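The values are calculated or read from the model by the stated rules, or taken from the named source; none is laboratory data. Source: prediction; values computed, not measured. We place every Cβ from the backbone using ideal geometry, glycine too, and count neighbours over all the protein chains shown.
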C-alpha cells in the first residue's frame with residue numbers, strides 16, 4: 001500500500017507498528033533541489049531495517065512555490081514507505097526544521113539533508129549504535145560526493161570536509177550537525193520549536209550545544225555513512241566565501257563568542273590578509289582555505305558591529 005500524505009492528514013494514521021516495534025521518522029528539509037531530493041528519497045525508501053524497526057519520511061518544503069511537491073508525488077507510484085509532505089513558506093532553515101519535527105511521529109527522529117543520500121544500512125547502523133550504547137542520539141559521518149569531476153584545487157582542499165570520529169566517541173557540539181543523526185524522541189519532546197530561527201546557519205550546532213548542556217548524551221557511529229553531493233555551483237569561490245561569512249556571522253550568536261574569541265578574530269583578519277600573497281604561492285587549495293578563515297572571522301566581527309554581511313536567508317547556488 002502506498003502512503004503519501006499532506007501535513008493536514010498526518011494524524012489520520014500513526015505509522016508506528018501495532019505490535020510495539022519502534023518507529024523512526026526520517027526528517028528532510030528541502031529548498032529548490034528537486035533532483036537531489038529525488039535521489040535522496042529513492043535511497044531512503046530502500047533502507048534495510050533488519051526487522052528491528054519501521055520508518056516513515058517527513059519532507060518539509062521551505063519553498064512557498066512548493067517546488068518539492070511534484071518530486072514527492074512521483075514517489076507515490078513506487079513507494080511502500082509512508083511519506084508526509086508539509087510546507088514552511090518562510091525562508092529559514094530553523095523554521096523548516098521545526099516544521100518537519102512537528103510532523104514527525106514515533107520513538108525516534110532521524111535527520112538527513114536534501115543534498116545527501118545514505119548508504120543502504122544507514123538507519124539500521126544508527127539504530128543499533130543508539131541502543132547498544134544506550135545514548136540519546138547518534139551522529140554519523142558525511143562524505144563528499146561528486147557527480148562531476150571538480151577542479152584539482154578543490155579536490156585537494158578540505159572544504160566541506162566533515163568530522164569522522166570513532167564509534168562510541170562523545171560528540172562535541174562544535175562538530176555536531178543534523179545532516180546525519182538519529183535522536184530519541186525525548187530529546188525534542190519538551191520543545192515545540194527546538195531550533196532557534198535567529199540562526200540562519202549553525203542552528204544545529206546551537207541545538208546540540210543546548211541539549212548537551214541539559215545532560216543529553218550523543219555519540220558517533222563511524223559506519224553510518226551518508227554522502228553529500230557537491231555540485232559545480234558550490235565549487236565557485238564566491239559561493240564558498242559567502243558561506244564562510246554567513247557561518248562567521250551566526251557564530252557571533254553563540255555563547256562561546258566571548259572576549260577571547262573576538263580578540264582572536266581581530267588579530268586573525270589582518271594577519272591572514274598579510275600572509276595571503278605568500279600562501280597563494282603554495283597553491284589555490286591552501287589560498288582558498290585561508291580565505292575561508294578570513295571571511296569567517298570577518299563575518300563574526302561585522303555581525304558584532306551590527307552589520308549583517310549576508311542578508312539572504314540562504315546562501316544558495
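The table for this structure:
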| item | result |
| --- | --- |
| Verdict on residue 131 being without any contact (Cβ under 8 Å) to a residue 12 or more places away in the chain and either within 21 Å of residue 30 (Cβ to Cβ) or not in a strand (DSSP E or B) (or both) | yes |
| Residue tally, condition under 16 Å from the mean Cα position of the chain (by Cα) and either assigned to a helix (DSSP H, G or I) or farther than 27 Å from residue 94 by Cα (or both), over the stretch 134-174 | 2 |
| Lone unmet requirement of (1) surrounded by fewer than 24 Cβ atoms within 10 Å (Cβ to Cβ); (2) more than 16 Å from the chain's Cα centre (by Cα); (3) more than 19 Å from residue 137 (Cβ to Cβ) for residue 95 | (2) |
| Filter result for the condition that a residue is within 16 Å of the chain's Cα centre (by Cα), surrounded by fewer than 21 Cβ atoms within 10 Å (Cβ to Cβ), in the same structural domain as residue 107 (by TED's automatic domain parsing) and free of Cβ contacts under 8 Å to residues at least 40 places away in the same chain, over 177, 210 | 177 |
| Cβ-Cβ under 9 Å pairs, at least 6 apart or on other chains, the stretch 295-309 side free of Cβ contacts under 8 Å to residues at least 12 places away in the same chain, far side part of a helix (DSSP H, G or I) and surrounded by fewer than 21 Cβ atoms within 10 Å (Cβ to Cβ) | 307/301 |
| Subset of the stretch 213-235 that is free of Cβ contacts under 8 Å to residues at least 60 places away in the same chain and farther than 22 Å from residue 300 by Cβ - its residue that is surrounded by the fewest Cβ atoms within 10 Å (Cβ to Cβ) | 215 |
| Among (1) more than 17 Å from the chain's Cα centre (by Cα); (2) crowded, with 18+ Cβ neighbours inside 10 Å; (3) not in a helix (DSSP H, G or I), the one test that residue 194 misses | (1) |
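Every residue, every condition in (1) more than 18 Å from the chain's Cα centre (by Cα); (2) farther than 21 Å from residue 293 by Cβ; (3) in a loop (DSSP other than H, G, I, E, B), yes or no:
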position	(1), (2), (3)
183	no, yes, no
198	no, yes, yes
201	no, no, yes
215	yes, yes, yes
219	no, yes, no
224	no, yes, yes
